[in-house]
Structures are given as structure tokens and as C-alpha cells.
Amino acid sequence: MPHCQRQQETSHGPKTMSPASSAPTRFDVAVIGAGPAGMTAALLFARRGFATALVAPQVNLQDARTTALLEASVRLLRSLDLWDALEPRSAPLAHMRLIDDTGRLIRAPEVTFDAAELGLEAFGYNILNRDLNAVLMAAVEAESGLTWLQDTAASVRPGADRVDLSLASGTAVAARLVVGADGRESLVREAAGIATRRWTYPQKALVLNLDHSRPHSTISTEFHTPTGPFTLVPLPGCMSSLVCVVEPETADRLAALDDAALARELERRAHSILGAFTIAGTRQLYPLSGLVATSVASARCALVGEAAHVFPPIGAQGLNLGLRDVADLVETVDRARRRGEDIGGAAVLARYEATRRSDIASRTAAVDLLNRSLLSGFLPVQALRSVGLYLAGRIGPLRRLLMREGITPRAARLAPPVWRAAG
């Protein structure tokens with residue numbers, strides 16, 4: 001069987017947050033990684049009665065980036081009784097406005113999508129990652145059926161009937177199923193022998209938060225520019241998060257400006273639609289790239305989130321896709337247990353693979369196509385994009401179809417609702 005070992009510069013002794021340190025080292029499920037997808041997976045498995053371990057040294061409570069949690073993700077978090085703590089820290093996204101700012105010969109008309117047209121109060125809610133992580137961490141610490149081993153996985157060794165984990169401290173853990181929620185350089189993915197397809201874009205994203213003098217009125221605004229999207233997403237009060245996608249050289253130049261100069265330049269690019277800007281907090285740069293695992297399950301290992309797929313921060317698809325991975329995985333494994341099947345067996349993993357294939361492929365293709373269409377100077381591509389947006393603005397059924405697919409694809413809407421039995 002394939003296996004991997006990771007060299008560690010430091011080691012941490014395991015700390016069992018709940019239950020106590022006498023907990024067994026054998027589990028039904030071990031989740032590797034304490035990002036939002038990993039913590040949500042651990043909580044869901046524990047709530048379904050699986051003996052669950054979360055293996056991760058710490059939770060990132062300093063991440064100033066934001067996540068737009070779309071409607072299905074909100075329902076999932078509500079099922080875990082977490083939404084009451086999250087909602088006051090978030091801002092609703094009731095409207096989504098697309099503005100063609102390419103300056104090209106063929107330009108698309110401005111289009112605004114309204115959640116009320118789907119009978120929703122909001123398409124989703126934007127929240128600081130550190131706030132999302134803090135609420136999830138508190139739930140993990142309080143969950144009686146969940147053992148949090150505050151340690152790092154040093155090696156993952158799939159076997160015939162279990163996966164053996166060696167932690168950096170030397171602690172040994174065994175699980176019938178391991179969930180890789182350990183990011184784009186996933187040790188779990190490598191241990192399972194799953195290959196990846198990777199690509200890059202000639203772009204960087206400048207990510208930061210802004211105060212502004214005019215209210216956002218719960219409108220998320222995305223300017224389509226020749227170098228990529230320039231997106232302003234509401235936060236509570238007169239604040240918004242910004243993702244500015246430009247050429248690497250421009251991104252570096254913008255990031256080097258002082259706060260006052262950067263605020264003026266970003267306000268200019270936003271055409272002052274939110275008034276005067278003030279930089280709030282730190283700025284971060286991310287080279288844009290993509291990754292797709294050739295499979296999301298093998299050798300008693302299942303991948304979720306960025307261990308399975310990575311793409312540019314466009315259209316609020318990343319974590320929402322990862323939470324759908326989690327929902328489908330928990331539902332598939334729970335059904336298998338009720339039928340008396342091996343929860344980490346090949347047949348169960350094959351069903352998870354089949355459930356996720358279409359959703360991941362369609363989201364990845366859609367984000368890639370939108371991003372590349374903005375970069376293309378080819379007139380037919382510009383024309384197709386402009387016609388598509390024109391029709392979306394004029395034809396109600398088409399507009400509603402696009403909105404529904406943007407929130408949750410049809411395949412996911414038809415899947416069994418994992419939230420029905422949570423708690």
C-alpha cells in the first residue's frame with residue numbers, strides 16, 4: 001500500500017480536548033486538518049455517532065480573509081446549531097451586481113441578481129475566516145463524541161482494514177476511514193496514491209478589507225476587468241472585503257503602496273461606488289493557480305476541500321464546494337454503516353467518488369472559463385460573454401437558473417440532505 005511520511009521541524013504532544021486523555025487510539029474516522037472543512041467534517045461525523053478524531057495542531061484564528069457562505073452552507077452550519085453564533089458576525093449578500101469594466105469594444109451590460117427572486121433573504125453571508133474558525137473551534141472543543149488530538153500527522157499508512165497514523169509526538173492512531181482536509185499539499189492524498197492536475201494563471205490576487213464612507217446596501221459588486229475580477233463583498237457595517245485580481249507586477253506594486261495611496265487607487269478602480277476607502281487590517285497576495293485531484297477517494301482515504309480541488313477566489317465557490325464534499329461524504333458513509341458495510345471499503349469510497357465527480361468538475365470548469373474569458377482579447381469570446389450576460393439580465397427563467405446553479409448545482413440540490421439528522 002502507498003504511504004507517506006512528513007518530516008517535522010518540531011513536535012507537539014497530543015492534547016485530547018474532549019473526551020479526556022484516556023480516549024482510545026482506534027477510531028471509526030480520523031479527520032486530518034482543522035480548517036473550516038475539516039472541523040465541519042469532524043463535527044458531523046461525531047454527531048452521527050462515529051468515534052471521531054480530529055488531528056491538527058492548531059486552528060488559524062488570525063486569518064483576516066473572508067468567506068461568502070452560500071445558502072446551502074448556511075443550512076449545513078445551521079444544522080450543527082452554529083448559525084446563531086455566526087450570523088451576527090456576518091453580512092448578508094442579498095444582491096450580486098456584475099459590471100463590465102474591461103473597456104473593450106464588446107462590453108456586457110450591467111446585471112444585478114436579486115436573492116428575493118428565488119424567495120431567499122440572501123444568496124449567502126460573508127464572514128471573516130477567523131470568526132468562522134473561532135465558532136467551529138468552540139464547537140469542536142465542546143463536542144462529547146469528538147477527540148481533538150492537537151498534533152501533526154507525520155505518516156499515513158493505508159492498510160487492508162484500517163489506516164495507521166503516526167503523529168509527530170510518536171502517538172499511534174488507527175482509523176477505518178481517514179478524511180484528508182489537509183490542504184493543497186495534502187499528506188493524506190499523497191499517502192493514498194492520488195495524483196493531481198495543476199495549472200497556473202498569469203495573475204495575483206490582492207486580498208484585504210476596507211472601510212468605506214457609503215453603505216454597501218447588502219450588494220456584492222464584481223467588476224470584470226481585463227486582468228480579472230475586482231470584487232467588493234459586504235461585511236458588517238460600512239465594511240467590505242476586496243479581491244483584486246491583476247497581473248503579478250501590478251499586484252506587487254499595489255501591495256507596496258502605503259495605506260492612503262492604496263486606498264485612493266482602489267477607490268479609483270471601484271469608481272467610488274462606495275465612497276472613500278480606508279484600508280482595514282493587513283493586505284495579502286496570492287498567486288492564482290488551480291488543482292484537481294484525479295480522484296477524491298482511495299485506499300481508505302477520502303479528500304475534502306482544498307485537498308481535492310483548488311481554484312481562484314472567484315464566485316465564492318471554494319469553501320462552499322468543500323462543505324458539499326463534507327456533506328456528501330458524511331451522508332455516504334452513514335448510509336453505508338446503516339447497511340452494515342465497511343465504512344472505509346472500496347465500494348463506499350466509489351460511491352463518494354461518483355457523488356462528487358460532476359459537482360467538482362462543473363465548478364472547476366465554470367471558474368476557469370470565467371477567469372480565462374476576462375483575460376481573452378479574442379472578439380468571439382468577448383461577444384459570447386456579453387450576449388450571455390445580456391440574456392441573463394433580460395430572461396427571467398435563465399437568470400433564475402443561473403442564480404440557483406451559482407448557489408448550489410442541481411446535482412447537490414438532489415442529493416440526500418446531510419443536515420436532516422444532524423444534532
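The values are calculated or read from the model by the stated rules, or taken from the named source; none is laboratory data. What you are looking at is a predicted structure, and each value in this text was computed from that prediction instead of being measured. Cβ: placed from backbone, ideal geometry, glycine included. Neighbour counts: every protein chain shown. When the accessible area is computed, the model is the full protein with side chains, heavy atoms only, and any ligands, DNA or RNA have been set aside. Shrake-Rupley method; radii C 1.70, N 1.55, O 1.52, S 1.80 Å.
Would you call ARG268 open to solvent by 30 Å² or more (accessible area, probe 1.4 Å) and among the basic types (Lys, Arg)? Reasoning before the result, please.
Numbers: open to solvent by 30 Å² or more (accessible area, probe 1.4 Å): yes; among the basic types (Lys, Arg): yes.
The answer is yes for ARG268.
List every residue pair whose Cβ atoms lie under 7 Å apart, where the two residues are 6 or more positions apart in sequence or sit on different chains, the first residue falls within the stretch 148-170 and is farther than 13 Å from VAL55 by Cα and touching a residue at least 24 places away in the same chain (Cβ under 8 Å), and the second residue, located anywhere, is β-branched (Val, Ile, Thr) and open to solvent by less than 50 Å² (accessible area, probe 1.4 Å).
ARG157/VAL163; VAL163/VAL156; VAL163/VAL178
Which residue out of LEU285, LEU291 is open to solvent by 40 Å² or more (accessible area, probe 1.4 Å) and under 20 Å from the mean Cα position of the chain (by Cα)? Even if it seems obvious, please write down each step before you answer.
Values: LEU291 fails: open to solvent by 40 Å² or more (accessible area, probe 1.4 Å).
It is LEU285.
Give the residue, chosen from PRO92, PRO88, that is surrounded by fewer than 21 Cβ atoms within 10 Å (Cβ to Cβ), modelled with pLDDT of 95 or more, within 23 Å of the chain's Cα centre (by Cα) and part of a strand (DSSP E or B). Spell out the reasoning first.
Numbers: PRO88 fails: part of a strand (DSSP E or B).
The match here is PRO92.
Could you check ILE279 against (1) surrounded by fewer than 18 Cβ atoms within 10 Å (Cβ to Cβ); (2) of a type in the set (A, V, I, L, M); (3) more than 30 Å from ARG48 (Cα to Cα); (4) in contact (Cβ under 8 Å) with a residue 24 or more places away in the chain and say which number it fails?
Exception for ILE279: condition (1).
Can you name the number of the only condition in (1) closer than 22 Å to PRO158 by Cβ; (2) surrounded by fewer than 24 Cβ atoms within 10 Å (Cβ to Cβ); (3) at pLDDT 95 or above; (4) of a type outside the set (Lys, Arg) that ALA30 fails?
Going through (1) closer than 22 Å to PRO158 by Cβ; (2) surrounded by fewer than 24 Cβ atoms within 10 Å (Cβ to Cβ); (3) at pLDDT 95 or above; (4) of a type outside the set (Lys, Arg) one by one, ALA30 breaks only (2).
Can you tell me which residue in the stretch 309-326 is modelled with the lowest pLDDT, limited to those that are part of a helix (DSSP H, G or I) and open to solvent by 10 Å² or more (accessible area, probe 1.4 Å)?
The selected residue is GLY318.
Pick from ARG198, ARG214, ARG176: which is assigned to a loop (DSSP other than H, G, I, E, B), open to solvent by 50 Å² or more (accessible area, probe 1.4 Å) and touching a residue at least 24 places away in the same chain (Cβ under 8 Å)? Break it down into steps so the answer makes sense when it comes.
Values: ARG198 fails: assigned to a loop (DSSP other than H, G, I, E, B); ARG176 fails: assigned to a loop (DSSP other than H, G, I, E, B).
Of ARG198, ARG214, ARG176, the one residue that is assigned to a loop (DSSP other than H, G, I, E, B), open to solvent by 50 Å² or more (accessible area, probe 1.4 Å) and touching a residue at least 24 places away in the same chain (Cβ under 8 Å) is ARG214.
Look at the stretch 339-350 and say how many of its residues are out of contact with any Asp or Glu (no Cβ under 7 Å at 6 or more places or on another chain), part of a helix (DSSP H, G or I) and surrounded by 19 or more Cβ atoms within 10 Å (Cβ to Cβ). Write out each step before concluding.
If we filter the stretch 339-350 for residues that are out of contact with any Asp or Glu (no Cβ under 7 Å at 6 or more places or on another chain), which is where we start, we get 339-342, 344-346, 349-350.
Adding the requirement that they be part of a helix (DSSP H, G or I) leaves 346, 349-350.
Keeping just the survivors that are surrounded by 19 or more Cβ atoms within 10 Å (Cβ to Cβ) gives 349.
Counting residues in the stretch 339-350 that are out of contact with any Asp or Glu (no Cβ under 7 Å at 6 or more places or on another chain), part of a helix (DSSP H, G or I) and surrounded by 19 or more Cβ atoms within 10 Å (Cβ to Cβ) gives 1.
Taking the stretch 246-267, which residues are outside any helix (DSSP H, G or I), of a type outside the set (D, E, K, R) and farther than 19 Å from GLU222 by Cα? Talk me through it step by step, then tell me what you get.
Taking the stretch 246-267 as the starting set, the residues that turn out to be outside any helix (DSSP H, G or I) are 246-247, 256-258.
Within this subset, residues satisfying the condition of being of a type outside the set (D, E, K, R) are 246, 256-257.
Residues satisfying the conditions are ALA256, LEU257.
Need the failing condition index for THR332 against (1) farther than 19 Å from LEU374 by Cα; (2) of a type outside the set (Asp, Glu); (3) touching a residue at least 40 places away in the same chain (Cβ under 8 Å); (4) buried (at least 24 other Cβ atoms within 10 Å of the Cβ), just the number.
Only one criterion in (1) farther than 19 Å from LEU374 by Cα; (2) of a type outside the set (Asp, Glu); (3) touching a residue at least 40 places away in the same chain (Cβ under 8 Å); (4) buried (at least 24 other Cβ atoms within 10 Å of the Cβ) is unmet by THR332, namely (3).
Restricting the stretch 152-173 to residues that are outside any loop (DSSP other than H, G, I, E, B) and among the β-branched types (Val, Ile, Thr), which is farthest from ARG300 (Cα to Cα)? Working first, answer last.
Of the residues in the stretch 152-173, the ones outside any loop (DSSP other than H, G, I, E, B) are 153-158, 163-167, 172-173.
Keeping just the survivors that are among the β-branched types (Val, Ile, Thr) gives 156, 163, 173.
On the way: VAL156: 11, VAL163: 7, VAL173: 14 Å.
Restricting to residues being outside any loop (DSSP other than H, G, I, E, B) and among the β-branched types (Val, Ile, Thr), the top hit is VAL173.
Please tell me if PRO236 is over 23 Å from SER289 (Cα atoms), open to solvent by 20 Å² or more (accessible area, probe 1.4 Å) and either touching a Ser or Thr at 6+ places or on another chain (Cβ under 6 Å) or without any contact (Cβ under 8 Å) to a residue 60 or more places away in the chain (or both). First the steps, then the outcome.
Working: over 23 Å from SER289 (Cα atoms): yes; open to solvent by 20 Å² or more (accessible area, probe 1.4 Å): yes; either touching a Ser or Thr at 6+ places or on another chain (Cβ under 6 Å) or without any contact (Cβ under 8 Å) to a residue 60 or more places away in the chain (or both): no.
Taking the combined requirement at face value, the residue does not satisfy it.
Taking SER358, is it closer than 17 Å to GLU405 by Cα and open to solvent by 50 Å² or more (accessible area, probe 1.4 Å)? Before you say what the answer is, go through the steps one by one.
Values: closer than 17 Å to GLU405 by Cα: yes; open to solvent by 50 Å² or more (accessible area, probe 1.4 Å): yes.
Considered against the rule, which asks whether it is closer than 17 Å to GLU405 by Cα and open to solvent by 50 Å² or more (accessible area, probe 1.4 Å), SER358 comes out as yes.
Name the residue, out of VAL59, VAL74, that is among the hydrophobic types (A, V, I, L, M, F, W, C), in contact with a Phe, Trp or Tyr (Cβ under 9 Å, 6 or more places away or on another chain) and either part of a helix (DSSP H, G or I) or under 29 Å from VAL179 (Cβ atoms) (or both). Quick ask: steps written out before the conclusion?
Numbers: VAL59 fails: in contact with a Phe, Trp or Tyr (Cβ under 9 Å, 6 or more places away or on another chain).
From the options VAL59, VAL74, the qualifying one is VAL74.
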